[in-house]
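Structure first, then comments.
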């Protein structure tokens with residue numbers, strides 16, 4: 001018979017949930033924002049487009065990650 005698997009109930013923020021929600025929210029919010037902002041930028045080459053998307057996407061990811069973490073911290077039991 002296999003050994004019983006232990007379970008834990010950690011106190012504090014569920015970082016797995018924070019990472020999952022950050023990933024999904026960044027895609028759902030970030031893609032339209034990057035597309036909207038790119039219409040006003042001069043992006044003549046694919047390299048320029050990729051760099052623009054990475055720069056803007058990184059800022060969006062950081063804002064979303066901090067917001068989701070703050071929400072999780074505020075609403076933890």
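Values in this text are rule-based calculations from the coordinates and carry no lab data. It should be emphasised that the depicted structure is a prediction, and the values quoted were computed from it without experimental measurement. Here the Cβ is made from the backbone with ideal geometry for all residues, glycine too, and neighbour counts use every protein chain on show.
Mean projection of the alpha-carbon convex hull of the chain over all orientations, in nm²?
Working: hull surface 33.1 nm².
Mean orientational projected area (the chain, Cα hull): 8.3 nm².
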Principal-axis tilt of helix 15-38 within the chain, Cα atoms, nearest 10 degrees: 10 degrees
Where labels lie 7 Å past Cα in the beta-carbon direction, separation of residue 20 and residue 59 in nm: 3.1 nm
Principal-axis tilt of helix 46-75 within the chain, Cα atoms, nearest 10 degrees: 30 degrees
Sequence of 46, 61, 17 once ranked by neighbouring C-beta atoms within 10 Å, starting from the fewest: 46, 17, 61
Relative contact order, percent, the chain [alpha-carbon distance under 8 Å, six or more residues apart]: 54 percent
